[in-house]
1. Filter the range 56-92 down to the residues that are among the aromatic types (Phe, Trp, Tyr) and without any contact (Cβ under 8 Å) to a residue 24 or more places away in the chain and list them by number.
2. Please go through the range 71-112 and pick out each residue that is of a type in the set (Val, Ile, Thr) and part of a helix (DSSP H, G or I).
3. Does Leu104 satisfy the criteria of being under 15 Å from the mean Cα position of the chain (by Cα), of a type in the set (A, V, I, L, M) and surrounded by 12 or more Cβ atoms within 10 Å (Cβ to Cβ)?
4. Collect the residues in the range 33-47 that are charged (D, E, K, R) and over 14 Å from Leu15 (Cα atoms), keeping them in residue-number order.
5. Could you say whether any residue in the range 90-99 is farther than 18 Å from Leu7 by Cα, surrounded by fewer than 12 Cβ atoms within 10 Å (Cβ to Cβ), in contact with a Leu (Cβ under 9 Å, 6 or more places away or on another chain) and not aliphatic (A, V, I, L, M)?
6. Write out, first by first residue and then by second, each pair whose Cβ atoms fall under 9 Å of each other, whose residues are 6+ apart or on separate chains, and whose first residue, in the range 38-55, is farther than 17 Å from Phe91 by Cα while the second is open to solvent by 80 Å² or more (accessible area, probe 1.4 Å) and small (Gly, Ala, Ser).
Amino acid sequence: MHLTQVLQPQLCISLAQVAQFLGIPPSLICRIEHWAQILFVHRLDRGGIFLSYRKFAAWVEACALTIRAACTDLHLLEWLGEVIKAETQRFKYPETVLDYWRQLWRLQHYQLRRYGQETA
């Protein structure tokens, strides 16, 4: 399983965010299609372009939310850790993002162990 499949429910990238990322007014965007692995953006001035979800801060925050809120037992948290590890081996992330995710993962791991929620 890829991280995009895990994050889809939490991932919401708006037209305004896409326009800001591209440095264009929102009026130049006809539509945005959220595909399984990528965004397809149809622009009035250039036609269609593809953008990776990973380019947006919302991606980082969706992962953080998944670590904090969706992992309610250690088994699930460890599985998510493996998915994130595979993701970071496949794609380059800034060290600050990796440190952020590691810190959240360790904190969630500590809290789950502390409260004895090893299994769902």
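1. Narrowing the range 56-92 to residues among the aromatic types (Phe, Trp, Tyr): 56, 59, 79, 91.
Listed by number, the list holds a single entry, Trp79.
2. First, pick out the residues of the range 71-112 that are of a type in the set (Val, Ile, Thr): 72, 83-84, 88, 96-97.
Once the filter is applied, which keeps residues that are of a type in the set (Val, Ile, Thr) and part of a helix (DSSP H, G or I), the range 71-112 yields Val83, Ile84, Thr88, Thr96, Val97.
3. Values: under 15 Å from the mean Cα position of the chain (by Cα): yes; of a type in the set (A, V, I, L, M): yes; surrounded by 12 or more Cβ atoms within 10 Å (Cβ to Cβ): yes.
Yes.
4. Residues of the range 33-47 charged (D, E, K, R): 33, 43, 45-46.
Listed by number, the residues that qualify are Asp45, Arg46.
5. First, the residues of the range 90-99 that are farther than 18 Å from Leu7 by Cα: 94-96, 99.
Next, from what is left, pick out any that are surrounded by fewer than 12 Cβ atoms within 10 Å (Cβ to Cβ): 94-96, 99.
From the residues that got through so far, the ones that are in contact with a Leu (Cβ under 9 Å, 6 or more places away or on another chain) too are none.
Scanning the range 90-99 turns up no residue that is farther than 18 Å from Leu7 by Cα, surrounded by fewer than 12 Cβ atoms within 10 Å (Cβ to Cβ), in contact with a Leu (Cβ under 9 Å, 6 or more places away or on another chain) and not aliphatic (A, V, I, L, M).
6. Leu44/Ser27
The values are calculated or read from the model by the stated rules, or taken from the named source; none is laboratory data. Values in this document were obtained by computation on a predicted structure and should not be read as measured data. Glycine gets a Cβ as well: all are built from the backbone with ideal geometry, and neighbour counts include every protein chain shown. Just so you know, the surface numbers come from the protein's heavy atoms only, side chains and all, with ligands and any DNA or RNA stripped out. Shrake-Rupley method; radii C 1.70, N 1.55, O 1.52, S 1.80 Å.
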